[in-house]
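J.: Just passing along the structure, written as structure tokens.
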Amino acid sequence: MLLRVKNASSVISYKNLRRIIGILGILLPLVCYLDGILFASIPLQPSISAYYYTNARDFFVGLLVAVGLFLLTYKGYETIDIVISTATGIAGIGIAAFPCIPPEDILIKTGIFQLPSNISNVIHLICAIIFFLLLAVNSIFIFTLTDKTKPQTANKKKRNLIYIICGCVILAMMLFLLIITLKPNLIQFTGIVFVLESICLVAFGISWLVKGETIFKDAKKY
């Protein structure tokens, strides 16, 4: 009995870890925006990544690295689950380690590796694409996996529907981001990229919160 209590108190359950990952994902755009507007009177930036060059840099880097590290330490039930979570975590940390080009489009040395900002920006974009794409894949194809030896519960079916919706939302926002990149004059609102990225992160957060059985939790069997 003592051993059981000790083990239970010394580790974070996978469900709580999933909830933490989801909450951090949702908080990232909100915290960056509020920190900029409240403490430095900085208006909405063109993208979440642009907050690297504001007073919200510490929050931006810190939350992204936290999400990345949590994903790296997360161990799913299947090998593919672990591989995707690990790759997503590395990509998330890469987004923070290799900043985008400054909003002023000036060439400077930036990030912890002090790379020219145009080179850092390319790595940043690659990491961001991998990050969001894997989040969608994880939500649609991994979270929906079911033990075929057991009947699927009603709540599991509801959770699967949410996973698929969240994954499709992420893919749709990525498509919109691609369209805007190819046709920058299509939408004049300068914060459109920030909004689309925020929707991706909220969808990601919801997916992981549901995976932590924050809602539609299966009843315990005794």
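J.: Going through the DSSP H helices of the chain, which span 20 Å or more along their own axis at the Cα atoms while scoring at least -1.0 as a mean Kyte-Doolittle hydropathy?
T.: Values: long enough: 14-39 (35 Å, 1.28); 57-73 (24 Å, 1.90); 79-97 (27 Å, 1.62); 117-137 (29 Å, 2.19); 154-182 (43 Å, 1.50); 192-211 (29 Å, 2.07).
What comes out of the filter, once short or polar helices are dropped, is 14-39, 57-73, 79-97, 117-137, 154-182, 192-211.
J.: Across the chain, what fraction of all alpha-carbon pairs, as a whole percent, falls in each successive 5 Å bin from zero upward?
T.: Whole-percent P(r) values from 0 Å outward: 1, 7, 13, 18, 18, 15, 11, 7, 5, 3, 2, 1, 0, 0.
J.: Rounded if a/c is under 1.5, else prolate if a/b is larger than b/c, else oblate: which is the range 28-125, with a ≥ b ≥ c the root eigenvalues of its Cα gyration tensor? Mind dumping the intermediate values first?
T.: Working: a/c = 2.92, a/b = 1.54, b/c = 1.90.
Here the range 28-125 falls in the oblate category.
J.: Okay, next question. Would you mind checking which residues have amide H under 5 Å from THR110's amide H? H placed 1.01 Å from N; only 5 or more apart, or other chain.
T.: Long-range HN contacts for THR110: LEU115, SER117.
J.: Rolling a 1.4 Å sphere over the protein heavy atoms, what is the accessible area per residue of the range 4-141, to the nearest Å²?
T.: Working: 7060 Å² over 138 residues.
Value returned for the range 4-141: 51 Å² of accessible area per residue.
The values are calculated or read from the model by the stated rules, or taken from the named source; none is laboratory data. Note that the structure is a prediction, hence the values are computed from the model and not measured. SASA here: full protein model, heavy atoms, side chains in, ligands and nucleic acids out. Shrake-Rupley method; radii C 1.70, N 1.55, O 1.52, S 1.80 Å.
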